[in-house]
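K.L.:
Below: one structure in structure tokens.
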Amino acid sequence: MGGSPEPLRALVGDDAWRWSTFQGSRTLVVAARTVTSTVRILECLPALLRGDARVTVVFAHDPTSAFSEGVADVLHDAGCRVLPWDRLGDIAPDLVLSASENIEVPDGDYPVLVLPHGVGFQKLVPDSRTPRTRLSGAVPDALLDTGRAWLATSHPDQERQLLAAHPKAAGHTLAVGDPCFDELLASRGHADAYKAALGVAAGQRLVLVSSTWGPTSLLGRAPELPARLLAALPCDEYRVAAVLHPNVWSAHGPWQIRTVQAAALDAGLLLVPPVHAWRSALVAADAVVGDHGSVTLYGAALGKPVLLGAYGSDAVPGTAVAHLARTAPRLDLDGDLGAQLAAALREPSSSASAEVARLAFAEPGRALPRLRAALYRLLGLPEPLGDVPSALVLPPPRAESRDVTSWAVTTSLADGARPVVDVRRSPAAVSRAAGDTAGGYTHLACDEAERDRRLTESASVLTAARPAPSAAAARRWTQDALCRFPGALLAASAVAGDGGEVVVGLRDGRAVVAATREASAPGLAAAVVYTCLRAGLPLETAVTLRLGTLSERHVTVRPASG
């Protein structure tokens, strides 16, 4: 193999050797066809080529996929120089690297290394060349016939599966492992930091909804599931995040996704972007509600409790995900979602997760060194001197989210030496306040930032968006709010400072102060006062505020001075 100036000429013009700074001796072309496959290459390639100027990398964009939307943006955001796909036939690379098996590689004598863009060969997908389906991850027989294709696998069972379906792949598989799983393993100790980056409070549980693409996927079957989970889980105890396959984003676009999930977003859904952030979000998760996609399988292999909300006929029998389908509990979409999540969190199965990991990933922790060795062997270069690459800790995740500004609040009172007020809040965007329950009281509470006027006009409790600078200012705000909304019974404003005081104004003109040892949301303090009023307790008392299993705090209620 020898280096060629043609790719550089395509990027910087004629006489490329005169203009280029790095005089590489080998040319590596990355074939970018879908967001999923492009991101997989971008996640591992920097570690493989770190510090090596001998390899010139050119990204070629193949726009022929039904899911090509977004690829150009990913390449641009990563700072890649991109060669139009139709120019690929004009150059002579030393190696083509892709995580998309469906690329149309021009004729030539250079090898083609194909990495998996998920976990093995777990799914049957529509074949763009025929009306039939094909095994996801397997390259066309025409490319296998040339003897140029090399297929990376993460487990010996995947090699056996591939050879059974495509005998022509014999002798052209490479057992390298899974760099993505190695990164997930390396990052497990950072789950709390990742939760904090997502805005998940200490003590809250994070439930991650994972959906692959297509009609048999979780959101293909139940697009309303995120909203239903947010309605079923107390928002002070749980957060819900959604990781959607990049093909969902590519096929439907962010606008359509936000429109379909509008109620869930208003209820506090954390919508994780399709590039990179899903990995650290998965590490942060306490439980996964998923389907037969790779993210669900990664979660199970990490030891996360998994509930399967969908499992499609396009999943391949005899694979690790098929084992997961036999062993993981199914989510009854018509049942009590909250009770099913609580049960899954109480009874995680370490043996089941270990078996899933054993079936999907061989010799974890060695993927990057093995993959680099294979890459340089195909390039015809010795590996760089120095340390071999290792999996790095993932950066913190990010997610799109909105503040919840209205709640359906249910409270109950338990007698004792110190009365206990149990408070359960659900976002009003997905759970409207109903009538009182047996032994409990229900009301609608709205923050002044609530944009839906119908909610604020129906609310029993109004809360200030920001703490007032003084108790007197807080009281003035409550009086003004009750004047503006004559249907409300209470209005509450926190007071700035470390005292954890909230001034609660009553419709009859009285005002009380609810104080805790720590800063408290005005809606929680107002829920205590509302319960005392409904139960006939004096408004000079001490109670325990309990938020499910999350926390308990002492609250003293006293008349406001002045």
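The values are calculated or read from the model by the stated rules, or taken from the named source; none is laboratory data. Worth saying up front: this structure is predicted, and the values here are computed from it rather than measured. Don't worry about glycine lacking a Cβ; one is built from the backbone with ideal geometry, like all the others, and counts go over all protein chains shown. The accessibility values were calculated without ligands, DNA or RNA, using every heavy atom of the protein model including side chains. Shrake-Rupley method; radii C 1.70, N 1.55, O 1.52, S 1.80 Å.
K.L.:
With loop defined by DSSP as not H, G, I, E or B, and exposure as at most 14 other Cβ atoms within 10 Å, which is the longest segment of the chain clear of exposed GluC sites (Glu not before Pro)?
P.N.:
For GluC sites (Glu not before Pro) (loop position, at most 14 other Cβ atoms within 10 Å), the longest site-free span of the chain is 105-517.
K.L.:
Using only C-alpha positions, report the orientation-averaged shadow area of the convex hull of the chain, nm², one decimal.
P.N.:
Average projection, Cα convex hull of the chain: 29.5 nm².
K.L.:
Sorted from largest down, what three extents in whole angstroms do the Cα atoms of the stretch 316-356 have along their principal axes?
P.N.:
31, 22, 8
K.L.:
Right, another one. Out of all Cα-Cα pairs in the stretch 481-562, roughly what percent, to the nearest whole number, are more than 17 Å apart?
P.N.:
Beyond 17 Å sits 42 percent of the P(r) for the stretch 481-562.
K.L.:
Using modelled backbone amide H atoms (1.01 Å from N, in-plane), which distant-in-sequence or interchain residues come within less than 5 Å of residue 330's amide H?
P.N.:
Sorted by chain and number, the residues that satisfy this are 308.
K.L.:
At a 1.4 Å probe radius, carbon and sulfur cover how many percent of the accessible area of the stretch 367-429?
P.N.:
Accessible surface attributable to carbon and sulfur in the stretch 367-429 totals 53 percent.
K.L.:
About the Cα centre of the stretch 184-343, how large is the charge dipole given +1 on each Lys and Arg Cβ and -1 on each Asp and Glu Cβ? Please answer in debye to the nearest 20.
P.N.:
380
K.L.:
Let me ask you something else. Defining a contact as two alpha carbons under 8 Å apart and six or more residues distant in sequence, what relative contact order in percent does the chain show?
P.N.:
Value for the chain: 11 percent.
K.L.:
From Cα pairs below 8 angstrom and at least 6 apart in sequence, can you work out the relative contact order of the stretch 168-252, rounded to a whole percent?
P.N.:
So the answer I get is 29 percent.
K.L.:
Taking the Cα centre of the chain as origin, work out the dipole magnitude from +1 charges on Lys and Arg Cβ and -1 charges on Asp and Glu Cβ, in debye rounded to 20.
P.N.:
Approximately 920 debye in magnitude.
K.L.:
What number results when the radius of gyration of the stretch 506-547, computed over Cα atoms, is divided by 2.2 N^0.38 Å?
P.N.:
1.13
K.L.:
Please report the net charge: other residues with Cβ closer than 10 Å to the Cβ of residue 544, K and R +1, D and E -1.
P.N.:
Summing Lys and Arg as +1 and Asp and Glu as -1 gives +1.
K.L.:
In whole Hz, with x marking every Gly and Pro, tabulate ³J(HN,Hα) for the stretch 536-553 from phi via Karplus 6.51 cos²θ - 1.76 cosθ + 1.60, θ = phi - 60°.
P.N.:
Rounded to whole hertz, the list is x, 6, x, 8, 9, 7, 10, 9, 9, 8, 10, 9, x, 8, 6, 6, 10, 9.
K.L.:
What net charge do the residues around residue 509 carry, taking every other residue with its C-beta under 14 Å from that of residue 509, with Lys and Arg at +1 and Asp and Glu at -1?
P.N.:
Its environment carries a net charge of +2.
K.L.:
Measuring with a 1.4 Å probe in the full set of protein chains, what accessible area per residue, in whole Å², belongs to the stretch 464-530?
P.N.:
Result: 43 Å² per residue.
K.L.:
Would you pull out the residues with amide H under 5 Å of residue 489's amide H, same chain only if 5 or more places away, H placed 1.01 Å from N?
P.N.:
461
K.L.:
For the stretch 232-369, count the residues as N, evaluate 2.2 N^0.38 Å, and divide the Cα radius of gyration by that value, please.
P.N.:
In units of the 2.2 N^0.38 Å rule of thumb, it is 1.09.
K.L.:
Same structure again: With a 1.4 Å probe and all protein chains left in place, how much of the accessible area of the stretch 461-562 comes from carbon and sulfur atoms, in whole percent?
P.N.:
C and S fraction of accessible area: 53 percent.
K.L.:
Could you give me the ³J(HN,Hα) list for the stretch 268-275, computed from phi with Karplus coefficients 6.51, -1.76, 1.60 and θ = phi - 60°, whole Hz, x at Gly and Pro?
P.N.:
3J(HN,Hα) across the stretch 268-275, in whole Hz: x, 4, 8, 8, 7, x, x, 10.
K.L.:
If the viscosity is 1.567 mPa s and the temperature 4 °C, what Stokes-Einstein diffusion coefficient in µm²/s follows for the stretch 245-321 when Rh is the Kirkwood radius over Cα pairs?
P.N.:
Estimated via Stokes-Einstein, D reaches 93 µm²/s.
K.L.:
Averaging the inverse of every distinct alpha carbon separation and then flipping it gives the Kirkwood radius. What is it for the stretch 205-289, in angstrom units?
P.N.:
12.8
K.L.:
Please work out the C-alpha center-to-center distance from the stretch 28-78 to the stretch 327-393 and express it in whole Å.
P.N.:
22
K.L.:
Take the stretch 226-267, compute every pairwise Cα distance, and split them into 5 Å bins from 0; I just need the percent in each bin.
P.N.:
Reading the bins upward from 0: 5, 21, 28, 20, 15, 9, 2.
K.L.:
A follow-up question, please. Given 0.36 nm per residue, what is the gain on full extension from residue 401 to residue 507 after removing their alpha carbon distance, in nm?
P.N.:
The span from residue 401 to residue 507 would gain 34.8 nm if fully extended.
K.L.:
Provide the net charge surrounding residue 385, with neighbours chosen by a C-beta distance below 15 Å and charges set as Lys +1, Arg +1, Asp -1, Glu -1.
P.N.:
Every neighbour counted, the sum reads 0.
K.L.:
Turning to a different aspect of this structure: Rounded to the nearest 500, what is the chain's calculated 222 nm mean residue ellipticity when only DSSP H runs of at least 4 contribute -39500 (n - 2.57) each, over all residues?
P.N.:
-9500 deg cm²/dmol
K.L.:
Keeping all protein chains in place, calculate the accessible area per residue for the stretch 341-418 (probe 1.4 angstrom), answer in Å².
P.N.:
So the stretch 341-418 comes to 55 Å² accessible per residue, rounded to a whole number.
K.L.:
So, one more: Report Rg (one decimal) and Dmax (nearest whole number) for the stretch 418-562, counting Cα atoms only, units Å.
P.N.:
14.0, 40
K.L.:
For residue 551 and residue 77, what does the FRET efficiency come to when R0 = 45 Å and r is the distance between their Cβ atoms, rounded to the nearest 0.05?
P.N.:
Rounded to the nearest 0.05, the efficiency is 0.65.
K.L.:
Same structure, new question: For the stretch 245-303 and the stretch 401-419, write down the distance between their C-alpha centroids in whole Å.
P.N.:
So the separation of the two Cα centres works out to 29 Å.
K.L.:
Provide the per residue accessible area, probe 1.4 Å, for the stretch 145-222, rounded to a whole number of square angstrom.
P.N.:
40
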